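What follows is a short report on a single structure.
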Amino acid sequence: MEQLQKEIESKSQDYCDIVSRFSAFLTEENEALRAYDIKKVGSMLDDKAHIVGAYRSIVGYFIKNQAEIKTLNEQRQQEMKELSQKLEALMKENDVLLNTKMQTSKTVMDTFVNIAKKATDASSTSYSSGGKYSKVDNTRSAMAINQTL
């Protein structure tokens, strides 16, 4: 029984350490997202994958051993709860910032695509029904039908 208690205390310390590091990481990433520092955000990707893996692992342990959390002293339980709440707020902010950045990038790319389409359409020519070059007019363009199909 004493061995189990030592393991839970050790895991609870691991939890606090991992959640604290994850919170610090998200704080830094959120600042980079707010500053539109895409290079920094990109360079953080591998570190994020590692810390998320560690976080999932420790959370998985406590999901499997929920009853043992109650054996921890009240101060440690409160510390874990506060750290979890802070991390939850940072994860929500991170989600909003990432989604906003992706939506902004998509809107910008869509704008460039539309500009390119309009520029292409404006300079495109085709054969007219009279057999001469003219601006593309899909309502009056020459068309051939292959009746063997």
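The values are calculated or read from the model by the stated rules, or taken from the named source; none is laboratory data. Bear in mind that the values here come from a model prediction, so they are computed numbers and not experimental data. A quick note on method: Cβ atoms are made from the backbone with ideal geometry, for glycine too, and the neighbour counts reach across all protein chains shown. Calculation scope for accessible area: heavy atoms of the full protein, side chains included, ligands and nucleic acids excluded. Shrake-Rupley method; radii C 1.70, N 1.55, O 1.52, S 1.80 Å.
Side notes on the structure shown:
- Qualifying residue in the stretch 68-89 (condition: over 14 Å from the mean Cα position of the chain (by Cα), open to solvent by less than 50 Å² (accessible area, probe 1.4 Å) and without any contact (Cβ under 8 Å) to a residue 24 or more places away in the chain): no
- Among the residues making up the stretch 1-47, those that are exposed (fewer than 14 other Cβ atoms within 10 Å of the Cβ), charged (D, E, K, R) and more than 27 Å from Thr100 (Cβ to Cβ) are Glu2, Lys6, Glu7, Asp17.
- Checked against (1) within 19 Å of Met80 (Cβ to Cβ); (2) modelled with pLDDT under 95, Ala24 passes all but a single condition, namely (2).
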